[in-house]
Amino acid sequence: MNADGQKRRVLVIEDEALVAMLIEDMILDSGDEMVGSASRLSDALVLARETQADVALLDINLGGVLAYPVADVLHQRGVPIVFTTGYGSAGVSERFRDCPILDKPFDQPSLEKAIHTILSSNACSSDLAA
């Protein structure tokens, strides 16, 4: 929840079903709302184009396919991104290095801090070069 007590709308792009369910539980336990979830690039692109989200949690690797096209769509729409990855910052493309990275596995306080940080800063802004 944000400082005004409003639910934040969170989009989750994660290819591992168990991890996606865990993230959803964390989001709901934080008082926020999950507005969509996808595990495949094609579905994620549709959600990125159509879903009204305050922030997106984006797994970089979706079943062996890099999710940067989803990140590009989200940036064009001005939706802040927190990358979730097991690869650390080395697994993130140079042009997205300003975006927060949440290393897997992560806990609820780390998730809440990452969401708060991205929403209260200009990091990972929508003016990235393509």
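The values are calculated or read from the model by the stated rules, or taken from the named source; none is laboratory data. None of the values given here were measured: they were computed from a predicted structure. We place every Cβ from the backbone using ideal geometry, glycine too, and count neighbours over all the protein chains shown.
Some notes on this structure:
- Residue in region 48-57 that is farther than 25 Å from SER120 by Cβ, modelled with pLDDT of 90 or more and basic (Lys, Arg) present: yes
Okay, residues lined up against (1) touching a Pro at 6+ places or on another chain (Cβ under 8 Å); (2) under 20 Å from ILE101 (Cα atoms); (3) in contact (Cβ under 8 Å) with a residue 40 or more places away in the chain; (4) assigned to a helix (DSSP H, G or I):
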position	(1), (2), (3), (4)
GLN6	no, no, no, no
VAL10	no, yes, yes, no
ASP15	no, yes, yes, no
MET26	no, yes, yes, yes
GLY31	no, no, no, no
MET34	no, yes, no, no
ALA44	no, yes, no, yes
ALA53	no, yes, yes, no
ALA56	yes, yes, yes, no
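- Hits in region 1-16 (condition: surrounded by fewer than 13 Cβ atoms within 10 Å (Cβ to Cβ) and either modelled with pLDDT of 95 or more or under 17 Å from HIS75 (Cβ atoms) (or both)): none
- Of all residues in region 71-87, those that are touching a residue at least 40 places away in the same chain (Cβ under 8 Å) and over 14 Å from ASP54 (Cα atoms) have Cβ atoms under 9 Å from Cβ atoms of residues that are of a type in the set (Asp, Glu) and in a strand (DSSP E or B), 6 or more apart or on another chain, in THR84/ASP59; THR84/ASP103.
- Applying the condition of being under 14 Å from the mean Cα position of the chain (by Cα) and closer than 20 Å to PRO69 by Cβ to region 17-40 and asking which residue is surrounded by the most Cβ atoms within 10 Å (Cβ to Cβ) yields ALA38.
- Of the residues making up region 58-95, those that are surrounded by 19 or more Cβ atoms within 10 Å (Cβ to Cβ), hydrophobic (A, V, I, L, M, F, W, C) and in a helix (DSSP H, G or I) number 3.
- Condition check for ILE101: touching a Pro at 6+ places or on another chain (Cβ under 9 Å) and under 21 Å from SER121 (Cβ atoms): no
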